[in-house]
Amino acid sequence: MQNWIERQPNWLVIAASFSCLLLLWQLLVVLGGYDRFILPGPADVARQFGVVVKDGRLLRHTLITLSEVIPGLLIGLLIALPLGYLLANSPLAERLISPYLIASQAIPGIAIAPLLTIWIRSTYWSRVLVAVIVVFFPILINIIAGFRSVPPELYQLMGSLRATRGQIFRKLEIPAMMPVLLAGLKVGATLSVIGALVGEFVQPKSEGLGFLLVTARYQFKTDLVFVVLVTLAVIALSMYGLVTLLEKRLLRWRKQM
Amino acid sequence: MMMQSTPHFLQAEGICHSFADERLPVLENVALSLPAGAFVALVGQSGVGKSTLLRILGGLTVPTGGQVWLDGMPIAAQQAPIGIVFQRDSLMPWRTAYENVRLPLEILGEKNSSFSQQKALDMLALVGLAGYENSYPAQLSGGMAQRVAIARALVHEPALLLLDEPFGALDALTRERMGQELLRIWQAMPVTVLLVTHSISEAVLLADEVLVLNGRPATLTDRIPIDLPRPRRLEQTETAVFQEKITAVRQAIRGD
């Protein structure tokens, strides 16, 4: 039996297990006799999905959320890159800055979100900033680990060739840290969705998937809550998939191992 | 030692070195001088400071005391790149064999000329790796990876080649063959070689002269000329005169 499953293509196994899951879900709803606003069945969710796709609401709110997620991730990366470089290369900077960085991790980034709505007038940017804060640290840690993973022999090799600082950065450090950086970006990609969503929770302006989720809950439209949850999962998985694709392109040499 | 008639190509005086986290200095008052085109081996017990000395001579580590001159210039001011080969893991895994060999030319700014391309390919052929240009390091055996590293160390025609136990991670047979190849390449190119090794027979078989580093802090205690005829062949290791040299070096390392 186990052998038989292992021989099937990946997509078939996933499709089959997903169908089983849906079936169990529907069975639970029917056998348990739950009301639709407590636990809607997959059929209810699918119907609601059709409704919000048709009236354009899902697309509109999804695009709003995406417009917060992607800049959040990129800005987090752009701040973490030079800071990580500094921390990895300067023991002084490391001693000065890292205690604060570590202490700041004792405060959940999510808890800072309400403060940001006080300080930042723009709804949009306060939401982006929550995403930045959430993705920043794991990416930074990976960047530092990436720079530190460069073998000392390769630095000495560059020294023997009298390479400039810039050449060392371009030809050694960046490619050497790329695997670790991309691993960090994968974690950051899923976290950025959480960050943007939290930003939308605390900054309740009438747009974004977070807003849609909150309103759906207030209106006991539990099937719509499920639609939003599924959409969020799809966004997070797509971001993850995108980074994996990037990884496959950039790290082709790894496949040869 | 300073009385040689050939010009001193690589010269060091009064080299002292301490690491920040260690109480005793590693090196104390090391002086040496290599004529251009020489093949010199540096031996000593493990941890004695051979690699540190090698890095100081290549200008990769700044010693706490003393001076190094390369080709008449203080090493810190010397802009000419050198060649260096480490024991292992010194290829860039994201570059193919060819791209690894091309690296020094890129650094020196000869990136796009077809001349430099040909040079990198010729160098790979010289170390016997024609046909492996597009292989990644992970696809190569240990011996092949070290050949690529040697090609990379020589492609920009450095005047000085530093070898830090280059064959230390290889099996005995591959190691012997690589030693012979190294001699062949050295004879084909005008390069001064300093080889750090923990194999006494390798040092005696390859070098013109074996330097012995001893003590803590370490200094050069012996300088044993190896006046065996060249070209050197593996069969020479069986001769009595070769064995005498081996014994001499071994005694020098033990400090007898």
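What follows is calculated from the coordinates using simple rules that are stated; it is not laboratory data. Values in this document were obtained by computation on a predicted structure and should not be read as measured data. When we count neighbours, we look across all protein chains shown, and the Cβ atoms used for this are built from the backbone with ideal geometry, even at glycine.
A few points about this structure:
- Karplus-based coupling profile of the stretch A:60-73, in residue order and whole Hz: 4, 5, 5, 5, 4, 5, 4, 5, 9, 5, 5, x, x, 5, with θ = phi - 60° in 6.51 cos²θ - 1.76 cosθ + 1.60 and x standing for Gly or Pro.
- Remark: for residue pairs A:54/A:186; A:171/B:119; A:186/A:248, the C-alpha separation exceeds 23 Å in A:54/A:186.
- What you get for the stretch B:176-256, charging only the Cβ of Lys and Arg (+1) and of Asp and Glu (-1), is a dipole of about 140 debye around the Cα centre.
- Shape category assigned to the protein assembly as shown from the gyration tensor of Cα positions, a/c cut at 1.5: prolate
- Charged neighbours of residue A:216, selected by a Cβ distance under 12 Å, balance to +2 (K, R count +1; D, E count -1).
- Order of B:50, A:205 - criterion: other Cβ atoms within 10 Å of each residue's Cβ, fewest first: A:205, B:50
- Note on the protein assembly as shown: antiparallel DSSP beta bridges, both residues inside, total approximately 55 percent of the bridges counted.
- Note, ³J(HN,Hα) from phi for the stretch B:66-76, Karplus 6.51, -1.76, 1.60, rounded to Hz, x at Gly and Pro: x, 9, 10, 10, 10, 6, x, 10, x, 4, 5
- Against the empirical curve 2.2 N^0.38 Å, the C-alpha radius of gyration of the stretch A:1-114 lands at a ratio of 1.79.
- Peptide B:93-100, shielding by other chains (average Cβ, 10 Å cutoff): 3
- Residue-wise HN-Hα coupling along the stretch A:206-221, computed from phi with Karplus coefficients 6.51, -1.76, 1.60 (Hz; x: Gly, Pro): 6, 7, x, 5, x, 4, 4, 5, 5, 4, 4, 5, 4, 8, 6, 8
- The stretch A:141-257, dipole about Cα centre (Lys/Arg Cβ +1, Asp/Glu Cβ -1), debye to the nearest 20: 540
- Tilt relative to chain B, helix B:240-254 - C-alpha long axis, 0 to 90 degrees, to 10: 70
- Using a Gaussian network model of chain B in which every pair of alpha carbons under 10 angstrom is joined by a spring, one finds that among B:146, B:67, B:243 the greatest mean-square fluctuation is at B:243.
- GNM remark for chain A: springs join alpha carbons under 10 Å apart, and the peak mean-square fluctuation among A:98, A:149, A:19 falls on A:19.
- Rounded to the nearest 20, the size of the Cβ-charge dipole of the protein assembly as shown about its Cα centre is 1620 debye, with Lys and Arg at +1 and Asp and Glu at -1.
- Taking every alpha-carbon pair under 8 Å whose residues sit at least 6 apart, the stretch A:43-255 reaches a relative contact order of 29 percent.
- Equivalent ellipsoid, chain A (semi-axes from 5 times Cα gyration tensor eigenvalues, Å): 41, 27, 14
- Residue with peak Gaussian network fluctuation, chain A [Cα springs, cutoff 10 Å], from A:157, A:237, A:191: A:157
- The stretch B:42-113: C-alpha gyration tensor shape, a/c 1.5 cut-off, then a/b vs b/c: oblate
- Binned Cα-Cα distances of the stretch B:177-256, short to long, each 10 Å bin given as a whole percent: 17, 51, 27, 6
- Alpha-carbon Rg/Rh ratio, for chain B, with Rh computed the Kirkwood way: 0.96
- Residue-averaged [θ]222 nm for the protein assembly as shown, counting only DSSP H segments that reach four residues, each worth -39500 (n - 2.57): -19000 deg cm²/dmol
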